Amino acid sequence: MIVRRAWPARPTFDAPWPDFDQLRRDLLRTFDVFAGDREQRTSPSGVFPPINVTHDADRFYVRAELPGVVASELSIRALQNRLSISGKREIPKEHERVSYHRKERPEGTFNRTLTLPMPIDADRIDARYADGILTLTLPKAEEAKPRQIAVKT
Amino acid sequence: MSNESRTDMQRVEQTLTSVPEQTRPGPVYMPAVDIFETDGAITVLADMPGVKPDQLEIDLRENVLTITARVTAAPANETDVLREYDAGTFFRRFTLAETIDQAKIDAKLADGVLRLELPKLERAKPRQITVRTG
C-alpha cells in the first residue's frame with residue numbers, strides 16, 4: 001500500500017526512547033485536531049497515485065504525483081466523463097554489490113479510474129509529464145458547457 | 001556526566017530538533033527514500049514529485065544530511081474538485097555513519113526523483129588485508 005506520510009515521524013536511523021516519541025506524536029496530533037484548520041487531506045485509503053482535480057470555465061485539470069515513471073509506461077484512457085490512468089513504476093536495479101539501509105520507494109503497477117462531474121472532449125486531451133507530476137488538461141465537452149441566455153424585454 | 005548518558009542526551013536533542021522549524025505555513029511531508037551503500041559511496045534516492053532543482057536544498061554538516069524542498073501550489077484561478085495531495089515542504093534528515101567526502105557529493109533531480117551520491121572518504125573505504133605467512 002502506498003501512502004504519503006506526513007511529519008512528525010522519526011527521521012534518524014536510530015530510535016531512542018520510542019515511547020516518548022510516540023507520546024510526542026500523539027500530543028501533536030491532538031493539537032492538530034483542536035486547531036481544526038489542518039484537515040486530513042492525503043488520501044486515507046492509500047491509493048496510488050494521489051490525484052488532484054481542479055477545473056476552470058473550460059477545462060478540467062488532473063494532476064497525479066508519479067515520481068520516477070517513464071512516460072511511455074503510462075496509459076491514459078478517456079470515455080465521456082470517465083478517465084483512467086494506469087501504468088507501471090519500476091525501480092531500476094542497482095549494480096550487484098550494494099547493501100540497502102532503507103527501501104521505502106514503492107514499485108509495481110497501478111490503475112485508477114476517475115469519474116468527472118461532466119463529459120469531456122476525449123479527442124483534445126493533453127497530457128504532460130514534468131518533475132514527476134503528470135498533468136492532464138481535459139476540455140469540457142461543448143454540450144456540457146453552460147450557456148448564457150439573454151433575457152429579452 | 002558519564003559518557004553513555006551524554007550520548008543519550010545528544011540523541012534526544014537530535015530527535016527534538018529533527019522536526020523542521022517552519023517559517024512558512026503548510027504541511028511537511030516525509031519523502032520515501034531508498035538508501036544503499038557500496039564500498040565507495042552511499043546513494044540516497046528520494047521521491048519528491050513536483051520539485052524543481054531550484055526549490056531543493058541539500059545540507060550536510062557534521063554527518064547530518066538534511067534534504068528540504070518546497071512545492072508550489074497549482075494556479076489559484078482553478079477550483080478544486082478533488083484534492084488528495086497538497087503543496088508543502090518535503091523534509092528529511094539522516095545521520096550518516098560513514099565519513100563523506102563533501103567535495104565530491106553529486107545530486108541529480110530527474111522526474112521528481114532525487115539521486116544523491118555521497119562518496120566515502122579514502123580512509124573510510126574498506127581495505128582488503130592480505131595475510132602474509134612467515
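Summary of values
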{"quantity": "Evaluation of residue B:131 against (1) at pLDDT 80 or above; (2) in contact with a strand residue (DSSP E or B) (Cβ under 9 Å, 6 or more places away or on another chain) (one fails), failing number", "calculated": "(2)"}
{"quantity": "Qualifying residue in region B:52-60 (condition: in contact with a Phe, Trp or Tyr (Cβ under 7 Å, 6 or more places away or on another chain) and at pLDDT 85 or above)", "calculated": "no"}
{"quantity": "Check on residue B:123, basic (Lys, Arg), more than 13 Å from the chain's Cα centre (by Cα) and farther than 23 Å from residue A:67 by Cα", "calculated": "yes"}
{"quantity": "Of residues in region B:61-81 being outside any loop (DSSP other than H, G, I, E, B), loosely packed, with under 15 Cβ neighbours inside 10 Å and not polar (S, T, N, Q), the one nearest to the chain's Cα centre (by Cα)", "calculated": "B:61"}
{"quantity": "Residue satisfying all of: in region B:65-90; among the hydrophobic types (A, V, I, L, M, F, W, C) and at the interface with chain A (Cβ under 7 Å from one of its Cβ atoms); nearest to residue B:30 (Cα to Cα) among these", "calculated": "B:74"}
{"quantity": "Which listed residue is outside any loop (DSSP other than H, G, I, E, B), free of Cβ contacts under 8 Å to residues at least 24 places away in the same chain and either surrounded by 16 or more Cβ atoms within 10 Å (Cβ to Cβ) or over 22 Å from the mean Cα position of the chain (by Cα) (or both), from A:102, A:128", "calculated": "A:102"}
{"quantity": "Residue list for region A:51-62, filter: in a strand (DSSP E or B) and open to solvent by 40 Å² or more (accessible area, probe 1.4 Å)", "calculated": "A:55, A:59"}
{"quantity": "Within region B:87-105, considering residues that are in contact (Cβ under 8 Å) with a residue 60 or more places away in the chain and small (Gly, Ala, Ser), the one surrounded by the fewest Cβ atoms within 10 Å (Cβ to Cβ)", "calculated": "B:87"}
{"quantity": "Matching residues, region A:114-153, being within 11 Å of another protein chain (Cβ to nearest Cβ), closer than 30 Å to residue B:115 by Cβ and not hydroxyl-bearing (Ser, Thr, Tyr)", "calculated": "A:130, A:131, A:132, A:133, A:134"}
{"quantity": "Flag for residue B:39 being within 9 Å of another protein chain (Cβ to nearest Cβ) and within 27 Å of residue A:136 (Cβ to Cβ)", "calculated": "no"}
{"quantity": "Residue within region A:41-50 that is within 13 Å of chain B (Cβ to nearest Cβ), modelled with pLDDT of 85 or more and in a strand (DSSP E or B) present", "calculated": "no"}
{"quantity": "Residues of region B:106-115 that turn out to be open to solvent by 60 Å² or more (accessible area, probe 1.4 Å) and either more than 10 Å from chain A (Cβ to nearest Cβ) or in contact with a Lys or Arg (Cβ under 8 Å, 6 or more places away or on another chain) (or both), as a count", "calculated": "3"}
{"quantity": "Scope region A:73-86; condition open to solvent by less than 100 Å² (accessible area, probe 1.4 Å) and either free of Cβ contacts under 8 Å to residues at least 24 places away in the same chain or of a type in the set (Lys, Arg) (or both); matching residues", "calculated": "A:73, A:75"}
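The values are calculated or read from the model by the stated rules, or taken from the named source; none is laboratory data. The structure displayed is predicted, hence computed values, not measured ones. Ideal geometry is used to build each Cβ from the backbone, glycine not excepted, and the neighbour counts take in all protein chains shown. Just so you know, the surface numbers come from the protein's heavy atoms only, side chains and all, with ligands and any DNA or RNA stripped out. Shrake-Rupley method; radii C 1.70, N 1.55, O 1.52, S 1.80 Å.
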